[in-house]
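Chemist: Have a look at the structure that comes next, please.
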Amino acid sequence: MTTIEHEDHEPAASPALSKGLSTLAALQLADGHWAGDYGGPLFLMPGLVIALELVGAPPSEQQRARMVEYLKHVQRADGGWGLHVEDRSTMFGTAFNYVALRLLGVPADDESAARARAWVRAEGGAQRVPTWGKAWLSVLGVYEWEGVNPLPPELWLLPRALPMHPSNFWCHTRAVFLPMSYLYGRRARGPETPLVRALREELYVTPYDRVDWEAARNDVHPLDVYSPHTKLFDALNVALDRYERRRPKALRERALSFVMDHIHHEDTSTSYLDIGPVSKALHLACVWFEDPTQPAVQRHLERVPDYLWDGRDGMKMQGYNGSQFWDLAFAMQAVLEHEPWDTDATAKAMLERAHGWLDDNQVKHDVPDRERYYRNATAGCFPFSTAEQAWPVTDCTAEGLKVALAMQGRVARPLGEARLAKAVDVLLYEQNDDGGWSEYERARGPRWLELFNAAEVFGDIMIGYSHVECTSACVQGLLAFSERYPTYRRAELRAAVRRGVEWLRAAQREDGSFYGVWAICFTYATWFGIEGLRAATSGAEDDRRIERAADFLLSHQRADGGWGESYRSCVDKRWVEHERSQPVQTAWALLGLAAAYEHLHPRLSATKRVTLRGALASGVAFLHETQTDDGWRADMVYGVFNKNCMINYDNYRYYFPVWALARAARLER
């Protein structure tokens, strides 16, 4: 890509901005937040459908119809499904969603089912699913536990000081291993129904009773493998298998009791929402196998709808119980960028309602007995979804902190210093030793734990790694707080910011870009990198870094004025063009370029100023041209997690373009 040169003229953003603000206002709910589609991963709903089948509480007839509609809508031309909606067909996606279709009442001779079954059988059969799929299919009874690498619950009884103790794992990894170890330890298995017997015949090339299950343990289809097993991990599995053959019964019972105690704590401390959709479905299965008559089963079923989204394309399971707070914090910043927002009745009303929701959803208390259950402090944090779910997220806390500070003096009941200081306390504690921030908790274990990544389909899941987006947000949030309250933990805060900026500098690539781990990809993270370095204003060296980052964004602007980056950038860790320019990624690039221009303007050459302003004008024109009556088009997913799985943030197409247009309009003044 070549940089686009333009005449020195002002970008005109106002018409599209007004329309975008009106759309955003129309989508805001009465309580102040924005609801949105957070689907995309295709391994989530099958696990829930299996769990509901086990407990005898299948989806309603209407839900079944909408779930089937969704699965057929996202089925690929070759008959398969991928790990996510934009992925090529994989064994995990195809076998898992075939099972879901059949459990939802789709007959084997249905055209969609027949094509999926043909794909599975042509690729060697369902024994080639990755470990998560093997475990779920074993619970259903269409795979054998002998074909699953050991997941012994006794690992939870190891001394906590050992690096290999599961409490040192990344929170989502330990949240999945916890219930899986219970199901594995019990060899939990649902009833053998006629449909289960039929699936045994349909999913395999070899007759079910002749499958070599032990050989299948490490048989994962190549299309599913993103993080291959290491030799050290395979050796550990051999050792654990020997233990499994001789395990003391009393120790197993003690371990199972320990695990269930932790499962119940997670359930009650999150109001049966749990940290995410995988653990939610697994916990439902666990409490049912423990005692199908206990109240926890019904409590779980009552919260299943929190994870379901009935969208344009059917009903799906979301990647969380929503992205409510995350969307709220960004939407508020988009509206706040619109100046003067307080003379715009629509914008003012939006912000006041949103601030009320923000106020209600700051987490007020730590979870009970948090140390016993491997939880960090939660009081003062802001969550990704709701305060009821209560898992702390660093960049949500930082973005919430920024918005709360910006609203002081603009609302009757602002969040005061005491409450905001608690958010700062969380951020200071969660900073990693390397100076950066991960999303939930500071890293607890050493990096070599990644050698024991058992998931196959994901990368970097064993500890809490530092990320550009999280680190930039935390640096910005801490600096904004210190500007308003300069005496609170002053020395610690300054040291944290200094270390965070040092980490950001080290994370910048030679070409000026930053790699993103929570959205696609370099466009997103490079915007965050610029904002983090700009907030710190550390001198000429950082100015050069900001200019290099801006040059990277300029180099990828297209002739139509937009930017478009494929999800393959996340997977391959290099820039991969999307076939079309994308409004959301264009908004990210514009926000980054506008921040760079505003910061560097006095020191830029006349030629560079013209180039940057021309790029901004072209990007704004692209957003004008692509705006619809319903925000901006949505023809790709925008988010990612664990390097390899894409996830949609539908609300991104409403507020990020508004934010970019508002910033461009502000620069005109």
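Read-outs: derived from the displayed coordinates by stated rules, not from any lab. Model, not experiment: these values are computed from the prediction. Every residue, glycine among them, receives a Cβ derived from its backbone with ideal geometry; neighbour counts consider all protein chains shown.
Chemist: Once every DSSP H run of n ≥ 4 in the chain is given -39500 (n - 2.57) and the sum is divided by its residues, what mean residue ellipticity at 222 nm do you get, rounded to the nearest 500 deg cm²/dmol?
Modeler: Calculated at 222 nm, the ellipticity per residue is -17000 deg cm²/dmol.
Chemist: Right, another one. Which three semi-axes in whole Å describe the equivalent ellipsoid of region 142-239, each the square root of 5 times a Cα gyration tensor eigenvalue, listed largest first?
Modeler: Computed over region 142-239, the values are 29, 17, 12 Å.
Chemist: Enumerate the lysines that Lys19 could reach by cross-link, defined here as Cα to Cα under 20 Å, with residues fewer than 8 away along the same chain left out.
Modeler: Lys348
Chemist: About the Cα centre of region 361-507, what is the dipole size in debye to 20, counting +1 per Lys and Arg Cβ and -1 per Asp and Glu Cβ, all else neutral?
Modeler: For region 361-507, the charge dipole is close to 700 debye.
Chemist: Please name which of Thr487, Ala595, Gly532 has its Cα lying farthest along the dipole of the chain towards the positive end, using unit charges on Cβ (Lys, Arg +1; Asp, Glu -1) and the Cα centre as origin.
Modeler: So the residue we want is Thr487.
Chemist: Are there trypsin sites (Lys or Arg not before Pro) in region 122-172 that DSSP puts in a loop and that have at most 15 other Cβ atoms within 10 Å, and which ones?
Modeler: Arg160
Chemist: Mind putting a number on the dipole of the chain about its Cα centre? Charges go on the C-beta only, +1 for Lys and Arg and -1 for Asp and Glu, and I need it in Debye to the nearest 20.
Modeler: 1300
Chemist: Which order results if Val120, Val367 are arranged by neighbouring Cβ count within 10 Å, fewest first?
Modeler: Ranked by crowding around the Cβ, least crowded first: Val367, Val120.
Chemist: Now a separate question. For the pair Leu451 and Asp635, how long in nm is the line joining their label points, each one 7 Å along Cα→Cβ?
Modeler: 4.7
Chemist: Are any of the pairs Lys134/Lys231; Lys364/Lys402; Lys72/Lys316; Lys608/Lys643; Lys72/Lys573 more than 23 Å apart by Cα-Cα distance, and if so, which?
Modeler: Distance filter (> 23 Å) returns Lys608/Lys643; Lys72/Lys573.
Chemist: Let me ask you something else. Within region 194-285, which GluC sites (Glu not before Pro) sit in a loop by DSSP and count at most 15 neighbouring Cβ atoms inside 10 Å?
Modeler: Passing sites in region 194-285 do not exist.
Chemist: Principal axis lengths of region 418-506 from Cα atoms, whole Å, largest first?
Modeler: Principal-axis extents of region 418-506 (Cα, largest first): 47, 27, 18 Å.
Chemist: Which percent of Cα-Cα pairs in the chain sits in each 10 Å bin, short to long?
Modeler: 3, 16, 26, 26, 18, 9, 3, 0
Chemist: If neighbour count is taken as other Cβ atoms inside 10 Å, put Arg246, Arg653, Arg64 in order from fewest to most.
Modeler: Arg246, Arg64, Arg653
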